[in-house]
Amino acid sequence: MKAPVRVTVTGAAGQISYSLLFRIAAGDMLGKDQPVILQMLEITPALEALKGVAMELDDCAFPLLAGMVCTDDANVAFKDTDYALLVGARPRGPGMERKDLLEANAAIFSVQGKAINAHASRDIKVLVVGNPANTNALIAQRNAPDINPRQFTAMTRLDHNRAQTQLAQKTGKTINDVTKMLIWGNHSSTQYPDIHNTLVDGKPAMGLIDQAWYESEFIPVVQQRGAAIIKARGASSAASAANAAIFHMRDWALGTPANDWVSMGVYSDGSYGVDKGLIYSFPCVCKNGDWEIVQGLAINDFSQARMKATEKELQEERDAVKALLPS
Ligand code: NAX
């Protein structure tokens, strides 16, 4: 058996974590031969609920669960940690403007970025799930100047998975037949689900569907899927969000399948003309615990306009919290 690794989960008493923690402890994220120590962070009023979650984790008798830490102190939660899943965030309250929401989260993610910088493993892999995920990841990254910015990512894998399923269902195929799905940009309703390079059973997806379905059904359904879940379930996506976080980290740590890629919000190096330094969702392949943006995809005018629109939203989000970003 390997030596245990440390995995920090924030918002650990929340609904996503109620699925996520159990799957991490079961070995779904890092493999069935990788013991984990869970370091769980919550705000003080939620510590009692967190204790209940820890009791349930105990009661699962997971062979891979090598230890647990429950805390309301970010400096403790990120100590020596190898993987961090930043799930806890401030939800939008009544009457709260978008700018207020960005600022409230900037406060949380700057504290956590600083704690990561001071205490985490230098090889840490960070995934931000809490919304606005891309900009929260940017804030954490900018507050951790001693950590390579490539180690901060944001989750668009749920959107990617949703898009794969919509296309599989439309074409009468299974999820296993759909490869090279792609979400560009922000995890928000401006995201651009692009199927111009997607294959279904080895055939170009665009040849199997018509443009009208693509534009007026597929794209809005994927963009609005989170709202549709809330309407149906009376609560936001939780198990599917946890599953996407597991897939994102698993693929980053253990590698993506051959002849496919995944969508990840990563530090822009200027690829495809995207503003350098934004956390923008790109097609990525992962190998040896590292990711790389897939280069050279043809971008038509339709795609270019949508990629720019979601980039503009991310620039606006960044500018709204500029005062809180260290230079
Ligand atoms: P919950 O409200 O159930 O849980 C959030 C938990 O975070 C709460 O227990 C709260 O006490 C805790 N928390 C708040 N501030 C904290 C802090 N400073 N440090 C530690 N913990 C803190 O929300 P849940 O449904 O679990 O969703 C969590 C986040 O994921 C939300 O921001 C949500 O918008 C976001 N999502 C992101 C998705 C994505 O694809 N990127 C999809 C699912 C989800 O909507």
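The values are calculated or read from the model by the stated rules, or taken from the named source; none is laboratory data. In this text, all values refer to a predicted model and were calculated from it rather than measured experimentally. Here the Cβ positions follow ideal geometry from the backbone for every residue, glycine too, while neighbour counts run over all protein chains shown. Accessible surface is based on the protein model in full, side chains and every heavy atom, while ligands, DNA and RNA are left aside. Shrake-Rupley method; radii C 1.70, N 1.55, O 1.52, S 1.80 Å.
In table form, for the structure just shown:
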read-out: Residue within region 12-26 that is over 30 Å from ILE229 (Cα atoms), more than 14 Å from the ligand (Cβ to nearest atom) and part of a loop (DSSP other than H, G, I, E, B) present; value: no
read-out: Residue in region 34-43 that is within 15 Å of the ligand (Cβ to nearest atom) and either more than 26 Å from ARG90 (Cα to Cα) or out of contact with any helix residue (DSSP H, G or I) (no Cβ under 7 Å at 6 or more places or on another chain) (or both) present; value: yes
read-out: Where a residue in region 292-319 is over 21 Å from THR153 (Cβ atoms) and its partner, wherever it lies, is of a type in the set (D, E, K, R), with Cβ under 7 Å and at least six apart; value: SER303/ASP194
read-out: Any hit, region 225-235, residues being within 18 Å of GLY88 (Cβ to Cβ), in a helix (DSSP H, G or I), away from the ligand (no atom under 12 Å from the Cβ) and not hydroxyl-bearing (Ser, Thr, Tyr); value: no
read-out: Hits in region 159-212 - residues which are farther than 30 Å from PRO132 by Cβ and outside any loop (DSSP other than H, G, I, E, B); value: THR171, ASN176, ASP177, LEU199, VAL200, LYS203, PRO204, MET206, GLY207, GLN211, ALA212
read-out: Long-range neighbours under 7 Å by Cβ, at least six apart or interchain, first residue within 9 Å of the ligand (Cβ to nearest atom) within region 88-109, second hydroxyl-bearing (Ser, Thr, Tyr); value: GLY88/THR10
read-out: Unique residue being modelled with pLDDT under 95 and either crowded, with 17+ Cβ neighbours inside 10 Å or farther than 15 Å from SER17 by Cα (or both) when the list is LEU85, LEU101; value: LEU101
read-out: Of all residues in region 234-290 being more than 14 Å from the chain's Cα centre (by Cα) and among the aromatic types (Phe, Trp, Tyr), the one that is least open to solvent (accessible area, probe 1.4 Å); value: TRP261
read-out: Residue list for region 110-143, restricted to those being free of Cβ contacts under 8 Å to residues at least 40 places away in the same chain and surrounded by 24 or more Cβ atoms within 10 Å (Cβ to Cβ); value: GLY113, ILE116
read-out: Of the criteria (1) part of a helix (DSSP H, G or I); (2) within 12 Å of the ligand (Cβ to nearest atom); (3) charged (D, E, K, R), which one LYS114 fails; value: (2)
read-out: Residue check, GLN141 part of a helix (DSSP H, G or I) and within 12 Å of the ligand (Cβ to nearest atom); value: no
